[in-house]
Amino acid sequence: MRFQTKITLCITLLIAVAFGVGNCILLDRSFESALARERSAAYYTYHMLLYSLDAVDAPGGAVSYADMHNTIYQLDAQGGGWAALRLKSGDMILYSSPDHRVFNSTLQEQTELNQCSTGIFRQEDTWYLQVTGRFSCGGVPFTLDALYDLGDAYRTRETQLRDYRVAYAAVVVFSAAMSWVLSRWITGPLRELSRVLRKITAGDLSCRARITTHDEVGDLARDLNHMTGQLEQNMEEMRQAMQRQEQFMGSFVHELKTPMTAIIGYADLLRSQTLSPEEQQSAANYIFNEGRRLEQLSLKLLELFVSRKGDFELLPCRPRALLKEVAGTVGPSLAREGIEFRYECGPGVCRLEPDLVRTLLTNLIDNARKAMDQPGCIRVRGEVTREGCRFTVQDNGRGIAAEELAHISEPFYRVDKSRPTGRILRRRWSCCRTPAQADSKKPPPQGRRERTGRCVLRTWKCLRFPSSTCPCRAWRR
């Protein structure tokens, strides 16, 4: 059974019971009050009859049955609200009204001398009130019976009952209609929530409940909207994560394809043809270099797993010494390509993972080199602050489009996915985020240029090692 139907039935039943019980009590009280008035009027007229009969009793004289008969006859002829009278002395009936009516004889047996009793009984279709009293007149006991017609009271009650039934039916129908409207208004927010939940179940996470009430249902709707928004955000993040994973797999497979193609090609050349010693040496060098490249890729994947796992040990290191080691590694190769390399770093010590940071700086410098179409300048600057350690890599390469900056921390992401070199962001890992964080405010748009000395700088990468996330502690020495 639906909740709306339950509310309708409960309200209708409550109103019906309350109206029915209340009106029944009112009708019963009204009828009892009418009977009480009839009984009071009957007592009054009955005592008037007794007073009239007592007047026949002369002091010291005998009472004549004829006098009693004549007196009661005159009183009955005058009328006084009764329907019939009967006067008895023992078993002898001295007077009875001309209209033949049946009196209740049991009341006489229940009535003591100088007392009266009443009873209500039904004769044919009429209800009567009988008053029976026993008194003595001149030492002779008499019994006076008086009948009073209660037909008006009972007919009034029947009319009231008939009107009550009509009113009761009207009230039940009206209350059922009003309770249905009220229950529909009450359950409206619940139907809205049900509609929203069905849409959410169908996959529409953008659906929201439009409920503005300030009750418990409104609180539930707001909690549902908040939950749906959070779920939608989580699903979007999951979708983006899956998309990044697909891009990572595609980029990594592309990275593997190039050296594997070279290795297979030169191995097939050595296997299928007779080459001179110089050609064999050259093919072996190509195979060796591409094999080393595959080894580096596997090591980078392993380092990526370690950096994401976050269980590396942070050691106190001097950023200046790290930059000097990196310069000694990449400086000669950059000089052979006509690229000027500069670095500077202030004094200080910072807690970090030296191998990961060294590899990170090497990859950034290598990316800057690959983004240059002609000889240029690469500058690396280290700085130790109160917040931690920050590295900045600047170059005058072709730069990164603004829409590609969001992918700066994605492993193996390429701007141009069809070429192994050229417009490469980096063939690197997520250690750009952990342990280092990319400063999104630093990289300027691709079209912006800055002239500093001999180099025209338009691309930089800023990495910060914050003390709150490494945790890093930096101090001057």
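If you plug the beta carbon distance of Thr156 and Tyr44 into 1/(1 + (r/R0)^6) with R0 = 22 Å, you get a FRET efficiency near 0.60. Note on Leu14 and Ser64: the model spin-label points, each 7 Å out from Cα along the C-beta direction, lie 7.7 nm apart.
Shape analysis of the stretch 223-262 places it in the prolate category; the axes a ≥ b ≥ c from the Cα gyration tensor give an a/c of at least 1.5, with a/b above b/c.
Ranking Met68, Met227 from most to least accessible surface, computed with a 1.4 Å probe over the protein chains only, gives Met227, Met68.
Positive contributions from Lys and Arg (+1) and negative ones from Asp and Glu (-1), summed over other residues with Cβ under 14 Å from the Cβ of Leu113, come out at 0. Distance from the C-alpha centroid of the stretch 118-139 to that of the stretch 195-256: 89 Å, rounded to the whole angstrom.
Applying the Karplus relation 6.51 cos²θ - 1.76 cosθ + 1.60 with θ = phi - 60° to the stretch 365-373 yields 3J(HN,Hα) values of 5, 5, 5, 4, 5, 6, 7, 9, 8 Hz, where x marks Gly and Pro.
Translational diffusion of the stretch 201-322 was estimated from the Stokes-Einstein equation, with Rh taken as the Kirkwood radius over Cα pairs; at 10 °C and 1.306 mPa s the coefficient is 78 µm²/s. Rg and Dmax of the stretch 105-195, based on Cα coordinates, read 28.2, 96 Å.
The modelled label-to-label distance for the pair Glu192/Glu236, using points 7 Å beyond Cα in the direction of Cβ, is 2.3 nm.
For the ranges 23-32, 336-345, what's the packing order if you count other beta-carbon atoms within 10 Å of each residue, average per peptide, and put the highest first?
Those peptides, ordered most packed to least, come out 336-345, 23-32.
Arrange the peptides 232-244, 108-120 so that the one whose residues have, on average, the most other Cβ atoms within 10 Å appears first.
Descending mean neighbour count gives 108-120, 232-244.
Once the Cα-Cα distance is subtracted from the 0.36 nm per residue extended length, the Val21 to Asp215 segment shows a gain of 66.5 nm.
Once the chain from Glu124 to Ser33 is taken as fully extended at 0.36 nm per residue, the excess over their C-alpha distance is 30.3 nm. Summing charges over neighbours of Gln230, with a neighbour being any other residue whose Cβ is under 12 Å away from its Cβ, gives -4 when K and R count +1 and D and E count -1.
Tell me, in nm to one decimal, what length is gained between Gln273 and Arg292 on full extension, where the rule is 0.36 nm per residue of separation less the Cα-Cα distance?
4.4 nm
I want the local charge near Cys24. Using Cβ-Cβ distances under 15 Å, sum +1 for each Lys or Arg and -1 for each Asp or Glu among the other residues.
Summing Lys and Arg as +1 and Asp and Glu as -1 gives 0.
The values are calculated or read from the model by the stated rules, or taken from the named source; none is laboratory data. Values in this document were obtained by computation on a predicted structure and should not be read as measured data. Neighbour counts run over all protein chains shown; Cβ positions are idealised from the backbone, glycine included. For accessibility, only protein heavy atoms count, side chains too; no ligands or nucleic acids. Shrake-Rupley method; radii C 1.70, N 1.55, O 1.52, S 1.80 Å.
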